[in-house]
1. Looking at the stretch A:551-584, which of its residues are under 16 Å from residue A:504 (Cα atoms), outside any strand (DSSP E or B) and over 48 Å from the mean Cα position of the chain (by Cα)?
2. Go through the stretch B:9-62 and give me each residue that's under 16 Å from residue B:75 (Cα atoms) and either assigned to a strand (DSSP E or B) or within 13 Å of chain A (Cβ to nearest Cβ) (or both).
3. Of the conditions (1) more than 17 Å from residue A:363 (Cα to Cα); (2) more than 9 Å from every other protein chain (Cβ to nearest Cβ); (3) not in a loop (DSSP other than H, G, I, E, B); (4) not hydrophobic (A, V, I, L, M, F, W, C), residue B:101 fails just one. Which one is it?
4. Got at least one residue in the stretch A:323-335 being in a helix (DSSP H, G or I), at pLDDT 85 or above, among the polar types (S, T, N, Q) and more than 21 Å from residue A:413 (Cβ to Cβ)?
5. When you go through A:532, A:581 one by one, which is the residue that is modelled with pLDDT under 85, on the phi < 0 side of the Ramachandran plot and in contact with a strand residue (DSSP E or B) (Cβ under 6 Å, 6 or more places away or on another chain)?
6. Any residue at all in the stretch B:64-83 that's within 11 Å of chain A (Cβ to nearest Cβ), within 21 Å of residue A:366 (Cα to Cα) and modelled with pLDDT under 85?
7. Checking the conditions here, which among A:518, A:546 is touching a strand residue (DSSP E or B) at 6+ places or on another chain (Cβ under 8 Å), under 26 Å from residue A:456 (Cβ atoms) and either away from every other protein chain (no Cβ under 14 Å) or at pLDDT 85 or above (or both)?
8. Restricting to strands (runs of 3 or more DSSP E) lying wholly in the stretch A:75-189: which have 1 or more residues that are of a type in the set (S, T, N, Q)?
Amino acid sequence: MDAKVTRTSSSARAAEPGDVAAVRTAAYSRLFRKFVLLTLLCSVVPLLLVGWGINLHYTRFAKQRMLNYFETQIDYHRKIIEMFISEHSSKLQIIARTHTREHLARVENLQEAFNALNREMQAVTDLGLIDAQGNHLAYVGPYDLMSRNYAREPWFRQVMEKGIFISDMFMGFRREPHFIIAVTQLKNGEKWILRTTINTEAFRALVENVRIGQTGQVYLLNQEGLFQTSPRSKSTIMGVSNYPMGPFHEGIQIRTLDGLQDDQGRTKPRQIASQVWLKDPRWLLVVKQDYAEAFDDVNYANTWTLIFLHVSALSILLASILITRHMITIIKRRDLQADQLNEQVLQAGKLASIGELSAGVAHEINNPLAIILTERQLVLDAAKHLPMEGPEFREQLDDSLNQIDVQVQRCKRITQNLLRFSRRTESLIEPVDLNAFIREVVELMDREARSSGIKFFTELDPTLPPLLSDPSQLQQVFLNLITNAIDAHDGMPYGSIRLTTRAEEGLRQAHVAVADTGSGISPAHLARIFDPFFTTKTVGKGTGLGLSICYSIVKRLGGSISVRSEKGKGTEFSIVLPYTPPPELQESLAENTARAKGA
Amino acid sequence: MTGSRVLLVDDETIFTRNMSKLLTFRGYTVTAVNSGDAAIRELEQNHFDVVVLDLKMPGMDGITTLKEIQKLGLFTETLILTGHGSIDSALEAMKLGAYDYLTKPCEIDELVAKIEAAGAKKEGKD
């Protein structure tokens, strides 16, 4: 038994509204998280994966294209430079082979050869004929070099050994950076040298006249790492480069350079460089650009793709959150409506139970009343035929028997009211005399009202015709309103409830007003009094459903209900009911009529 | 129509006893029984002009008794007299062929008027 009690109380505790609300809130939060997570898994994650994948692929592709471009650029440059040098070497060799030393020793002939070399472009600065001892035999050019002896110069030794020599940049007697091409020719057992100086400016223009972005550089380095042309930076020809050359290699090499320092010792940004060794002279051609600039387009596209991708993902997420929140709000509202419906069903169930109980009680009372009435009649019959001693006794007997009849009829009215209340819970439309109906309701509630010091007043319009309506539902409406009106006098010694009916023939509708002299409703509460579960009564006294049920019943019957209240003075509920119910309730009327005819 | 034979069927013995006296005093020949079964037995053996029948009785209730009476095919009118005055039960009883319907407690004069009317109808049938 104890266990049963404990179980009951625990289940009662589980059903407390606060607990239910907390459980529901947790369930809604779970639902919200699930929906959002599902959206993330089904749309945002795939979007990001596909987006990142495509972006990665594009970046690789674009970078590879850039590297290919670098390779093409350096290869093209290498060919131009090599062609330039080889062309001038060949021209010099042809002049040496096709002319005698004596011929070239004459200045006008050497000038002619110089002109031939410079015919297409001003690519050479001077041309000199030098004997095996290093002395100038003839010279055409802007410098005064006739008296110079080159026997000790490194290039002299090299050309005497190899027959053709292309030098690195050097200062020489003229004290400015230049490089020479020299060839030897042997005739009649004697060697002589034809030497030309490549125009440094023309050569620089050839090498450097390539613009690769803002930070691009093209330059040549000799094997010692000295600049053979000046790069765009402030370094000069023959200056020492800090470029990490590495050992000789065949073909083009692409490198990424990090942490290089400029002349001021500042760390340069990351750079991408391609390098290739020339065949002759053995110079390193370098094409270099800041990494950020080289891949600027890729990085730009990359950045915007990622921005677009993340904004899209964020938008989807945001939309998902908003939609989910909206859905949860709808679910919450539906749940609340379901709760209200359940509560109404519960309320209807309670009323039905009360109805059944009332019917039983009425029957049980009616039987003894019937016996009392027969007993009275027996006494009355007997009194008619039996002699009575004294007129006072007969008068008293008649008076008592009449009083028995009066009280029995009074009890009968009470039981009839109870039976009427219990009649039906389903909607059944039938003619209702609203005035008589209100009188009955008042009679039913009179005792309760009187015990609270409240009097009923009625102002009923005698011209009001019978309405086609549902009496059991109307009864519920008026019982709820009157109960509320009685409760509104809580703490007051006396008060009154006035019920008024008025016919509005033109509009074919009836007005019913229930006005009390109770405490009234504050304006803040007035807007919410028809909301389900809204109550100002103390806990346990009201469910907050009474007026909500009234509202839904009146609406269903095709009418309307409104309220007017003043705090401290009282409240008046006005109900308008049509003479005929709305079409959907007409079917019920037809059914009722059919039943009556069948009877 | 005084002198009609009336069968009173009600589980309230005091009520049937009193009502028998009242009706007998008004010239009717009254037989009172306290259950549906007893009423059927009585009707099988004797002739009655009017049956005054309660609806709510232990054992066979009024509606079942009425159905059984109808099955017997007698020239008898049935008046329903019950404390359970619902429209539904009244409609059902009328559908089953009851002559009229009265709710308890009712005045003797009211009952007598109904018995007379029922008797008159029965005479018309005869």
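The values are calculated or read from the model by the stated rules, or taken from the named source; none is laboratory data. Worth saying up front: this structure is predicted, and the values here are computed from it rather than measured. Note that each Cβ is placed from the backbone with ideal geometry, even for glycine, and that neighbours are counted across all protein chains shown.
1. Of everything in the stretch A:551-584, those that are under 16 Å from residue A:504 (Cα atoms), outside any strand (DSSP E or B) and over 48 Å from the mean Cα position of the chain (by Cα) turn out to be A:579, A:580, A:581.
2. Result: B:50, B:51, B:52, B:53.
3. Tallying (1) more than 17 Å from residue A:363 (Cα to Cα); (2) more than 9 Å from every other protein chain (Cβ to nearest Cβ); (3) not in a loop (DSSP other than H, G, I, E, B); (4) not hydrophobic (A, V, I, L, M, F, W, C), residue B:101 fails exactly one: (1).
4. yes
5. One residue alone meets the criteria, A:581.
6. yes
7. One residue alone meets the criteria, A:518.
8. A:124-131, A:179-187
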